[in-house]
Amino acid sequence: MYHSNRLRTGRYSATGHIYLITINCKARTPVFSEFHTARCFVHALQEAQLSSETLAYVVMPDHVHWLMQLKDAFSLSESVRFVKSRTTSLIHQASGYHIGVWQSGFHDRQLRQEDDLVHLARYVVANPVRAGLVRSVRDYPLWDAVWI
């Protein structure tokens, strides 16, 4: 049984800290297999600049990975909630119909100072290669990283 409230146990927000966020689509539906719906997530990240700085991301067909640094305007949960909500709104506007996009909750990992951010960003953006969607990251259009 899925208990999204257990995902929040022990979670706290720390301004300036870096988090790796994973958000799954509802029932792992490949909502982002269409380029225009995937771009809705990218636009939502751009609009979330008050709450977070995006360091790297990849949009997979049924989930996203987002490496971000939290700013002081919002908590971690508020920042993720904004991106999820804005993505859903943009998809609804673009498609003209309402679909459930996201699974409840999200997974987060707060990085330690000694974590190698460039290595982690490469790991995030290489997800489509590991999933067998493309042979090279250069062939996948739905990722970005500030270092790469």
Residue pairs qualifying under the 8 Å Cβ cut-off, at least six apart or on distinct chains, with the first in the range 121-134 being farther than 13 Å from His65 by Cα and the second being not hydroxyl-bearing (Ser, Thr, Tyr), are Val129/Arg135; Val129/Val137; Ala131/Met60; Leu133/Met60; Leu133/Pro61; Val134/Pro128
Note: among Val83, Val118, Val58, just one is closer than 19 Å to Ile18 by Cβ, of a type in the set (A, V, I, L, M, F, W, C) and touching a strand residue (DSSP E or B) at 6+ places or on another chain (Cβ under 6 Å), namely Val58
query = Regarding Leu55, is this residue open to solvent by less than 30 Å² (accessible area, probe 1.4 Å), over 15 Å from Lys26 (Cβ atoms) and touching a residue at least 12 places away in the same chain (Cβ under 8 Å)?
reply = yes
- Item | Yes/no for Val80 being assigned to a strand (DSSP E or B), free of Cβ contacts under 8 Å to residues at least 60 places away in the same chain, closer than 20 Å to Arg28 by Cβ and within 11 Å of the chain's Cα centre (by Cα) | no
When (1) in a helix (DSSP H, G or I); (2) farther than 24 Å from Arg138 by Cβ; (3) of a type outside the set (Lys, Arg); (4) open to solvent by 10 Å² or more (accessible area, probe 1.4 Å) are applied to Thr37, the one that fails is (2)
Picked from the range 101-137 (must be over 18 Å from the mean Cα position of the chain (by Cα) and among the charged types (D, E, K, R)), the residue modelled with the lowest pLDDT is Glu114
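The values are calculated or read from the model by the stated rules, or taken from the named source; none is laboratory data. Worth saying up front: this structure is predicted, and the values here are computed from it rather than measured. Here the Cβ is made from the backbone with ideal geometry for all residues, glycine too, and neighbour counts use every protein chain on show. Accessible surface is based on the protein model in full, side chains and every heavy atom, while ligands, DNA and RNA are left aside. Shrake-Rupley method; radii C 1.70, N 1.55, O 1.52, S 1.80 Å.
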